[in-house]
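Working notes, structure below.
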Amino acid sequence: MDIIDLSAEEECDENYLVFIDQLCDKLGLEYGSYATTDLISGAVQGYANYPDEWKLHYMKRGLHRVDPTLHKSALSIAPVDWSRFEHDEKFKAVFYAASDFGLPNQGITVPVRGPFGDRGLLSVTFNGSDSAWEKQKTEIISDLQHAAVHIHDAVMRSDVFARAMRRPKLSVREIEVLQWVAAGKTYQDIGEILSISDRTVEVHLRSSRDKLGALTTVQAVGRAIGMKIIHPL
């Protein structure tokens, strides 16, 4: 599983980083980041306004593979305060290293679930006492939840994200066949609709599964919907 800093991608839309900066300034926060996961490759990708030294260390050490702000929070539907994390070896690998870089260990991650299986995580850090953080968190949680939905939806629509995902390029016929499968049509039905043989339908589906990295046709349909290649019916 790789990690891709979308802010380093060619033709990056700087508005996402500006949004994170402004969010932190408005809510009295130290740093912020947004991350999502490629539905096909599992690569973690996103934006962060952390110091470059920390981002370089994080990426070189592959800390995204153990980061509880990603893996633990992704299992939740509610915001996750980092104080809830177990202080195991994975926690120490990330948070102890972050402390060495002068980063605060107080923070919260807000998960977002999109309509097509897409997921995003907005994480922010706070630099202050525990009591100050408890007060601040209560006051800003609603704003954070709205911000998380906003940036997730914007990134999902962006060309930068599409390029970074390296979406598989399905043919027009493969997309048509998958769309009719999603509609509940049989191979015979699809063959009659598209004026092709059942065998050709099967060939297109096999090719689609290969391109989408799917083991079954059902999985291929689900991934195609998740990547908005086809639409749910």
From the options 93, 35, 97, residue that is within 17 Å of residue 152 (Cβ to Cβ) and of a type outside the set (Ser, Thr, Tyr) | 35
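Please specify each residue of the stretch 51-72 satisfying the condition of being part of a loop (DSSP other than H, G, I, E, B), surrounded by fewer than 21 Cβ atoms within 10 Å (Cβ to Cβ) and not basic (Lys, Arg).
Once the filter is applied, which keeps residues that are part of a loop (DSSP other than H, G, I, E, B), surrounded by fewer than 21 Cβ atoms within 10 Å (Cβ to Cβ) and not basic (Lys, Arg), the stretch 51-72 yields 51, 62, 66.
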Could you tell me which of the residues 78, 132, 93, 97 is loosely packed, with under 14 Cβ neighbours inside 10 Å and in contact (Cβ under 8 Å) with a residue 12 or more places away in the chain?
-> 78
Taking the stretch 135-153 only, how many residues are surrounded by fewer than 16 Cβ atoms within 10 Å (Cβ to Cβ) and not β-branched (Val, Ile, Thr)?
-> 7
When residues of the stretch 100-118 are limited to those that are in a strand (DSSP E or B) and surrounded by 17 or more Cβ atoms within 10 Å (Cβ to Cβ), the one modelled with the lowest pLDDT = 112
Only one residue in 121, 170 is within 17 Å of residue 229 (Cα to Cα) and buried (at least 19 other Cβ atoms within 10 Å of the Cβ). Which one?
-> 170
Checked the stretch 182-208 for anything within 21 Å of residue 232 (Cα to Cα) and outside any helix (DSSP H, G or I); matches are 183, 184, 185, 186
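The values are calculated or read from the model by the stated rules, or taken from the named source; none is laboratory data. Computed from a predicted model, the values in this text were never measured in an experiment. Note that we place each Cβ from the backbone using ideal geometry, even for glycine, and neighbour counts take in every protein chain shown.
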